[in-house]
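Notes for the one structure printed next.
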Amino acid sequence: MEKRELPNSTLILVFGILSIISCCCYGFAGIIFGIIALVMSNRAIEIYNADPELYTGYQNVKTGRILAIIGLVLSALSLIGTIFAIFTMGGLDGIQQMQEEILREYGG
């Protein structure tokens, strides 16, 4: 019997990579990509465990899952840091004033 590629194995890997890359976008995009990759990888692992001899691409699923977990952690830390910064600097107005001061000081 011919082996087939696991469904979405490459897409899981891409979403795992995107979750790490986009973790610096205030954490939102990284969390979304990470959750999607984890849900898709859980389904692919179930399919693979049902009959491992039929499928290839399991390594992509495992790697994408690990990258998604790392991306989720980094994105959560980024989101927590963003929320903390907003509350400690006097809200969004405080952040805007700080940015204006930096621009005036360094000639922006």
- Message: Given (1) at pLDDT below 95; (2) hydroxyl-bearing (Ser, Thr, Tyr); (3) not in a loop (DSSP other than H, G, I, E, B), identify the lone condition not met by Ser41.
- Response: (1)
- Message: Anything in the range 22-32 that is touching a residue at least 24 places away in the same chain (Cβ under 8 Å), open to solvent by 60 Å² or more (accessible area, probe 1.4 Å) and in a helix (DSSP H, G or I)? List them, or say none.
- Response: Cys24, Phe28
- Note on the structure: Of the residues in the range 38-61, those that are open to solvent by less than 60 Å² (accessible area, probe 1.4 Å) and farther than 12 Å from Ser9 by Cα number 3
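What about Ser9, is it polar (S, T, N, Q) and under 22 Å from Ile83 (Cβ atoms)? Reasoning before the result, please.
Numbers: polar (S, T, N, Q): yes; under 22 Å from Ile83 (Cβ atoms): no.
No; evaluated as a whole, the condition is false for this residue.
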- Filter the range 62-93 for residues that are touching a helix residue (DSSP H, G or I) at 6+ places or on another chain (Cβ under 6 Å) and either without any contact (Cβ under 8 Å) to a residue 12 or more places away in the chain or among the basic types (Lys, Arg) (or both); which is surrounded by the fewest Cβ atoms within 10 Å (Cβ to Cβ)? Met89
- Item | Of all residues in the range 1-21 being surrounded by 17 or more Cβ atoms within 10 Å (Cβ to Cβ) and in a loop (DSSP other than H, G, I, E, B), the one that is nearest to the chain's Cα centre (by Cα) | Asn8
- Task: Please indicate, with yes or no, whether at least one residue in the range 48-57 is under 19 Å from Ile21 (Cβ atoms), under 26 Å from the mean Cα position of the chain (by Cα), assigned to a helix (DSSP H, G or I) and not small (Gly, Ala, Ser).
- Result: no
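The values are calculated or read from the model by the stated rules, or taken from the named source; none is laboratory data. The structure displayed is predicted, hence computed values, not measured ones. Positions of Cβ are backbone-derived with ideal geometry, glycine not excepted, and every protein chain shown enters the neighbour counts. Quick note on the areas: whole protein, heavy atoms, side chains included, nothing else; ligands and nucleic acids left out. Shrake-Rupley method; radii C 1.70, N 1.55, O 1.52, S 1.80 Å.
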